[in-house]
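Each remark here refers to the structure printed beneath this line.
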Amino acid sequence: MSAEVVLGKKAVAEKKDGFFIQTFKKLLKNKLAVFGLVIISLQIILAIFAPFLVSYGPNEQNLALTNQGVGTEGHILGTDNYGRDMWSRIVYGARISLVVGISTVAIGLVGGITLGLLAGYFKKLDNIIMRFMDLLFAFPGILLAMLIIATLGTSLVNVVIAISIWSIPGFARIVRGSVLSIKKQEYILAMRSIGASNTRILLKHILPNCTAPIIVNATMRMGTAILSTASLSFLGLGAQPPTPEWGAMIAAGQDFMWDAPHIAIIPGVAIMLTIFAFNVVGDGLRDALDPNMDIQA
Amino acid sequence: MEHLLQVENLVIGFRTAKGTSQAVRDVSFSLEEGETLCIVGESGSGKSITSLSLLGLLPENGDIAKGSIRFKGEELVGKKEEALRKLRGNKISMIFQEPMTALNPVFTIGYQLQEPLIIHQNLSKQEARKRSMALLAEVGIPNPKEKLDQYPHELSGGMRQRVMIAMALACEPSLLIADEPTTALDVTIQAQILDLIDDLKEQLGMGVVFVTHDMGVVAEIADKVMVMYAGEVVETGDVKTIFEDPQHPYTKGLLAAVPNVDDETQELSIIPGSMPSVDDEIEGCRFHPRCPFAMDICKQKKPPVMNVSENHSSRCWLQEVNNHDKSTVTS
């Protein structure tokens with residue numbers, strides 16, 4: 001009996017899975033999403049343990065051994081035009097992509113959630129905030145990023161800033177939409193009727209109800225952010241050589257397309273797999289978080 | 001004498017695209033501690049809006065245009081949001097019609113039940129948990145400890161309404177506003193919930209404003225009854241008088257429309273027509289287009305509130321005719 005008292009809370013927790021575990025279990029039923037999860041996990045492992053997984057530094061040149069193809073001894077993925085180990089550059093590139101992806105999504109989330117909550121809940125702020133968001137939306141994303149970089153100068157940090165700003169309106173719209181529908185619910189009126197403050201209602205009662213669309217979009221946005229970083233770097237606006245950034249690597253490799261196509265193709269495949277992975281996981285999450293899916297399936 | 005709640009000449013307007021429309025017109029009533037007032041009326045009669053206005057919870061486009069709401073002598077109209085917030089859930093609480101939607105689906109019962117305690121009494125999480133367990137037991141929920149960690153969807157409608165009541169009563173308010181709390185429940189559960197509210201009222205000595213359209217519920221729970229039609233109070237009186245000697249044709253119509261199970265041959269009586277929209281300006285008495293007793297004066301002049309007897313009043317010209325008849329008989 002006493003054990004039951006002590007374990008009271010735990011016993012209940014064991015009996016039913018929490019929200020996240022439930023979602024995760026549903027996600028695991030989706031084969032494509034599992035494939036995506038594997039790729040993302042691999043990428044995370046590569047990024048964290050990069051120095052232990054490679055035998056050469058990413059910028060270590062060996063001019064005696066340039067443009068070696070895939071499968072060369074000691075260089076699984078060959079070498080580039082300076083004799084740098086491609087495997088090492090890809091692994092370090094994964095690091096950059098992930099850091100850029102996570103930081104842009106994080107900044108975009110903070111900005112987008114704040115603005116979206118305010119716009120959705122306070123009618124007076126709605127027009128001001130959302131019209132400004134529309135303004136940001138009106139620019140093609142890459143153009144906006146290029147504009148910001150042109151003002152701030154080319155560097156990876158500025159790319160992060162540019163892509164974050166570009167991510168904010170998307171999140172703001174999604175959050176605002178959810179807030180608009182949730183604030184009409186009776187439980188929000190009930191919360192007001194027991195004397196909860198606006199801040200408390202927004203952060204403790206409305207925001208947790210918006211998590212599903214936010215999670216899905218953040219995941220998808222990771223892919224887009226990584227792709228945009230690569231595009232900007234490819235155009236020479238982001239990471240500068242010799243940084244082992246995938247987009248920059250493609251740019252450097254395009255001169256050797258004929259002699260050593262793997263220099264451009266390998267980072268291209270890496271980008272493709274990453275974006276594919278984030279998109280299928282995002283799709284899987286959307287299905288897993290949608291409560292109607294159970295009925296239809 | 002100071003009333004627990006005194007509402008005087010309350011007018012509530014709504015800003016719409018077409019201009020302002022009056023949802024509540026010149027409503028006055030008062031309530032003492034330990035008393036239950038039932039506000040009765042059809043959908044759209046302004047009864048829910050009246051109850052929401054007591055807490056300052058009108059929708060964004062609604063305003064109290066005129067009148068006063070005094071709670072224990074304290075004026076609530078025009079009070080700052082912050083000050084109202086301190087009253088809500090603490091001194092004045094509310095329970096809602098739909099227990100299915102009035103609880104947040106993403107949180108456990110315990111989490112939500114603790115909110116008023118944390119907001120108003122600054123209890124720590126553990127204390128709040130203990131107290132909410134006691135509250136659940138008080139409103140008759142079996143296994144309160146287990147229920148604390150369950151989500152709203154795991155409970156039945158009746159159980160959820162009990163949770164809502166526990167939440168409303170967490171800080172032992174002196175006024176409880178119940179907006180059709182039994183409408184969404186089936187009859188047996190309805191009776192249980194009514195008993196529960198009545199018991200808790202006795203225990204805490206609260207005043208209860210009970211909004212309903214169910215005359216059966218009124219008979220069960222009310223001390224005083226206020227009948228509303230199209231934003232106006234048409235008749236007030238204590239429950240016995242209203243049931244035994246209704247004066248206003250609308251009240252009579254409502255009472256006649258209650259089905260009688262024992263009488264198999266009974267044809268269900270109806271009030272022909274439907275409630276006018278809040279925008280409709282009706283010359284004279286607002287009920288006259290549907291009133292079987294409408295006279296010429298009803299179409300021209302708005303009837304004032306007339307006293308039938310002490311504590312019983314009706315807004316109807318028939319009253320004057322009756323009084324006139326009486327006076328002619330005596331003369």
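The values are calculated or read from the model by the stated rules, or taken from the named source; none is laboratory data. Since this is a predicted model, take the numbers as computed values, not measurements. Cβ: placed from backbone, ideal geometry, glycine included. Neighbour counts: every protein chain shown.
Here is how the numbers come out for the structure above:
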| read-out | value |
| --- | --- |
| From A:69, A:108, residue being touching a residue at least 60 places away in the same chain (Cβ under 8 Å) and in a helix (DSSP H, G or I) | A:108 |
| Unmet criterion (only one of (1) of a type in the set (Val, Ile, Thr); (2) within 20 Å of residue B:52 (Cβ to Cβ); (3) free of Cβ contacts under 8 Å to residues at least 24 places away in the same chain) for residue B:118 | (2) |
| Of residues in region B:141-159 being away from every other protein chain (no Cβ under 11 Å) and not polar (S, T, N, Q), the one surrounded by the fewest Cβ atoms within 10 Å (Cβ to Cβ) | B:142 |
| Output for region B:110-137, where each listed residue is more than 13 Å from residue B:171 (Cα to Cα), surrounded by 16 or more Cβ atoms within 10 Å (Cβ to Cβ) and more than 10 Å from chain A (Cβ to nearest Cβ) | B:133, B:136 |
| Filter result (more than 8 Å from chain A (Cβ to nearest Cβ), crowded, with 24+ Cβ neighbours inside 10 Å and not in a strand (DSSP E or B)) within region B:90-109 | B:99, B:109 |
| The one condition in (1) under 27 Å from residue B:48 (Cβ atoms); (2) surrounded by fewer than 17 Cβ atoms within 10 Å (Cβ to Cβ) that residue B:293 fails to fulfil | (1) |
| Residue in region B:125-136 that is touching a Lys or Arg at 6+ places or on another chain (Cβ under 7 Å), touching a residue at least 12 places away in the same chain (Cβ under 8 Å) and not aliphatic (A, V, I, L, M) present | no |
| Within region B:183-203, considering residues that are part of a helix (DSSP H, G or I) and polar (S, T, N, Q), the one surrounded by the fewest Cβ atoms within 10 Å (Cβ to Cβ) | B:188 |
| Of all residues in region B:215-266 being out of contact with any Lys or Arg (no Cβ under 6 Å at 6 or more places or on another chain) and small (Gly, Ala, Ser), the one that is surrounded by the fewest Cβ atoms within 10 Å (Cβ to Cβ) | B:257 |
| Filter result for residue A:118 (in a helix (DSSP H, G or I), surrounded by 14 or more Cβ atoms within 10 Å (Cβ to Cβ), without any contact (Cβ under 8 Å) to a residue 40 or more places away in the chain and within 14 Å of another protein chain (Cβ to nearest Cβ)) | no |
| Within region A:153-237, helices (runs of 4 or more DSSP H) holding 2 or more residues that are within 11 Å of chain B (Cβ to nearest Cβ) | A:186-193, A:211-234 |
| Selection status of residue A:129, within 13 Å of residue A:161 (Cβ to Cβ), in a helix (DSSP H, G or I) and not small (Gly, Ala, Ser) | no |
| Tally, over region A:36-52, of residues that are surrounded by 15 or more Cβ atoms within 10 Å (Cβ to Cβ) and over 16 Å from the mean Cα position of the chain (by Cα) | 2 |
| Per-region count, region A:72-115, residues of a type in the set (Asp, Glu) and buried (at least 22 other Cβ atoms within 10 Å of the Cβ) | 2 |
| Residue list for region A:37-65, restricted to those being among the β-branched types (Val, Ile, Thr) and either in a helix (DSSP H, G or I) or in contact (Cβ under 8 Å) with a residue 40 or more places away in the chain (or both) | A:38, A:39, A:40, A:44, A:45, A:48 |
| Flag if residue B:60 is surrounded by fewer than 22 Cβ atoms within 10 Å (Cβ to Cβ), assigned to a helix (DSSP H, G or I), among the acidic types (Asp, Glu) and within 14 Å of another protein chain (Cβ to nearest Cβ) | no |
| Residue match in region B:162-179 (condition: more than 21 Å from the chain's Cα centre (by Cα), farther than 29 Å from residue B:73 by Cβ and either more than 9 Å from chain A (Cβ to nearest Cβ) or surrounded by fewer than 18 Cβ atoms within 10 Å (Cβ to Cβ) (or both)) | no |
| Residue satisfying condition, being charged (D, E, K, R), touching a strand residue (DSSP E or B) at 6+ places or on another chain (Cβ under 7 Å) and under 28 Å from residue B:278 (Cβ atoms), within set B:88, B:70 | B:70 |
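Conditions (1) more than 14 Å from the chain's Cα centre (by Cα); (2) modelled with pLDDT under 90, marked per residue:
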position	(1), (2)
A:198	yes, no
A:211	yes, yes
A:214	no, no
A:245	yes, no
A:270	yes, no
A:297	yes, yes
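Yes or no, residue by residue, for (1) free of Cβ contacts under 8 Å to residues at least 60 places away in the same chain; (2) of a type in the set (D, E, K, R); (3) touching a Leu at 6+ places or on another chain (Cβ under 6 Å); (4) closer than 17 Å to residue A:141 by Cα:
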site	(1), (2), (3), (4)
A:212	no, no, yes, no
A:227	yes, no, no, yes
A:236	no, no, no, yes
A:246	no, no, no, no
A:252	no, no, no, no
